[in-house]
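The values are calculated or read from the model by the stated rules, or taken from the named source; none is laboratory data. Remember, predicted model here, so these are calculated numbers, not experimental data. Accessible surface is based on the protein model in full, side chains and every heavy atom, while ligands, DNA and RNA are left aside. Shrake-Rupley method; radii C 1.70, N 1.55, O 1.52, S 1.80 Å.
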Amino acid sequence: FGIFTYAIDKGYPLALAQTMAMNTLVVLEIFHLFFIRNLHGASLTWAAARGTRVVWAVVVTITAAQSAVTYLPPLQAVLGTRPVPLMDGLLILAVGAAFFALIEIEKQIRLGLRR
């Protein structure tokens, strides 16, 4: 709701605000996927980054599909989406990174308390 409200407050059209909210949810899900791949240790390790090729294939596929939904005019017409400006796209990625940092910190605290 935060990104949606941000977009509305900036005077963006409803369709763009909805597109930004949808993109935020997709980015959060991608970051959450990397978080849950390793619930019992740090997610930001070389071994975790190399991880399962299927996960990377899915992330690339989801990113390509989301970009198509957001930026290709035929899909915009069918789905009612609008192109997200670059700076707002970077904001959405930053929200995802902040979310990942928070849940990773929580995991490390939780794992530390078990020792």
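A few remarks follow.
- Ranked by solvent-accessible area (1.4 Å probe, protein heavy atoms only, all chains present), the residues Leu28, Leu90, Leu113 order from largest to smallest as Leu113, Leu90, Leu28.
- Taking each residue as 0.36 nm, the span from Phe1 to Met87 lengthens on full extension beyond its C-alpha to C-alpha distance by 29.1 nm.
- Protein accessible area in the chain, 1.4 Å probe - carbon and sulfur %: 74 percent
- Options [x] 21, 18, 13; [y] 31, 18, 9; [z] 55, 31, 11 - which one matches semi-axes √(5λ) of the Cα gyration tensor in Å as calculated here: [y]
- Solvent accessible area, Å² - Tyr71, 1.4 Å probe, full protein context: 110 Å²
- Residue-normalised accessible area of the chain, expressed per residue, 1.4 Å probe, Å²: 65 Å²
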